[in-house]
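See structure below.
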Amino acid sequence: MPVLNRVAEFHAEITAWRRQLHANPEILYDVHDTAAFVESKLREFGVDEVVTGLGRTGVVGIIKGKGSSDKVIGLRADMDALPITEQTGKPYASANTGKMHACGHDGHTAMLLGAARHLAETRNFDGTVVVIFQPAEEGGGGGRAMVQDGLMERFGITEVFGMHNMPGIPLGEFAIREGGIMAGTDQFAIDIEGHGGHAAMPHLATDPVIVAAHLITGLQTLVSRNVDPIRSAVLSVTTVNAGTAYNVIPRTARLTGTVRTLDEDVRQQMEEGIKRLAPQLAQAFGAKATVNWLPGYPVTVNAPRQTDFAAEIAREVAGEERVVANVDPTMGGEDFAYMLNARPGAYIFIGNGDSSDLHTDTYDFNDEAIPLGVSYWVRLAERALPAQ
């Protein structure tokens, strides 16, 4: 595994940063201490410029190479944690009750800081590297906020790259694919209005529970009979709320759920299908249904050229046999999608080994992945911006 020697030398130091971040997790946009830590490190490394407050609490570092190229690439890490109470029992476990780095963003931040240090020391590239530290990936749309704040235009970014650890992928391996690698994550709420009554006299009522039951089944036909079977969609009804008593037919019922898709055409098709099916099916029972569609993160779409390039860099670092270039996509969501919608780029998975799953209270980032991840970032920057 050809990890950069310099990176291996300060592996222990990066691990210490990671564990400090792990012990002090912060949620969504409220990552002030984390952002301050990142800012302090970037200034310590001697990067050319540090910008704070982008996307509310995001931090950006500018590192210029030795030449005169005007090409600019962005490398992104996320900083926020999750509202989970940690159960790892580790000595560096969360000191903030009810908050936990259960998705490895502490590792992502530490690895990108390690790369920023190396790049600032060596400057062995021609162009500009923008290191992006983003808040509020976990449901807050921090990537969108940074893009809306002019991230790409302000710094002239032409390509952008992201990385995420993945339990189940062996330590020392990478995985990537062209096109949709993570799903669009939309939500819906369907409010059904019938006519309440006594449960012993259902003929005098219009039962919204019956409508809800048929809707739960009927909605699945949008996937099984409307979406091209070669393409992908998931529709899950996750809550059903109706009624307050054994002997009362309620007047209303409510369904909520999520839709996951891997391309924008299917995403739009699912939205249109739910909005069409629910009112018509309710009407068939003499009831009314109103759909509230709640758009989530877009599909995370890797651009062809940048995906091939990222896979090539991963092979240089990990070896040919340790890179999966056509990994199955995941139906989880990722707001790096907003950055990929703004600029072409690629999002890659780095193996976390046989660890607990993401978003669980026993998960921990694998510190042995740090040298590999830092080396990937450094080699990617140096190859994307070759020194003359």
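The values are calculated or read from the model by the stated rules, or taken from the named source; none is laboratory data. In this text the structure is predicted, and so the values were computed from the model without any measurement. Virtual Cβ from ideal backbone geometry, glycine too; neighbours counted across all protein chains shown. Remember, those area values only see protein heavy atoms, side chains included, never the ligands or the DNA or RNA. Shrake-Rupley method; radii C 1.70, N 1.55, O 1.52, S 1.80 Å.
Tabulated data
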| read-out | value |
| --- | --- |
| Residue among Ala81, Ala102, Ala77, Ala95 that is touching a helix residue (DSSP H, G or I) at 6+ places or on another chain (Cβ under 6 Å), among the aliphatic types (A, V, I, L, M) and more than 30 Å from Gln388 (Cα to Cα) | Ala95 |
| The range 367-386 residues that are touching a residue at least 12 places away in the same chain (Cβ under 8 Å) and among the acidic types (Asp, Glu), paired with ones that are surrounded by fewer than 21 Cβ atoms within 10 Å (Cβ to Cβ) and assigned to a helix (DSSP H, G or I) (beta carbon under 6 Å, 6 or more apart) | Asp367/Thr15 |
| Only one of Leu28, Leu54 that is buried (at least 19 other Cβ atoms within 10 Å of the Cβ) and at positive phi | Leu28 |
| Per-region count, the range 333-359, residues open to solvent by 40 Å² or more (accessible area, probe 1.4 Å) and under 17 Å from the mean Cα position of the chain (by Cα) | 6 |
| Residue in the range 124-133 that is in contact with a Gly (Cβ under 7 Å, 6 or more places away or on another chain), at pLDDT 95 or above and farther than 21 Å from Ala381 by Cβ present | no |
| Residue count for the range 155-183, restricted to those that are over 15 Å from the mean Cα position of the chain (by Cα) and of a type in the set (Gly, Ala, Ser) | 5 |
| Qualifying strands (runs of 3 or more DSSP E) (wholly inside the range 151-246; at least 3 residues being in contact (Cβ under 8 Å) with a residue 40 or more places away in the chain and surrounded by fewer than 19 Cβ atoms within 10 Å (Cβ to Cβ)) | 184-193 |
| Search result, residues across the range 129-150 that are closer than 21 Å to Lys71 by Cβ and open to solvent by 10 Å² or more (accessible area, probe 1.4 Å) | Val147, Gly150 |
| Any pair with Cβ under 6 angstrom, 6 or more apart, that starts in the range 310-332 at a residue that is surrounded by 16 or more Cβ atoms within 10 Å (Cβ to Cβ) and ends at one that is of a type in the set (S, T, N, Q) | Val317/Ser375 |
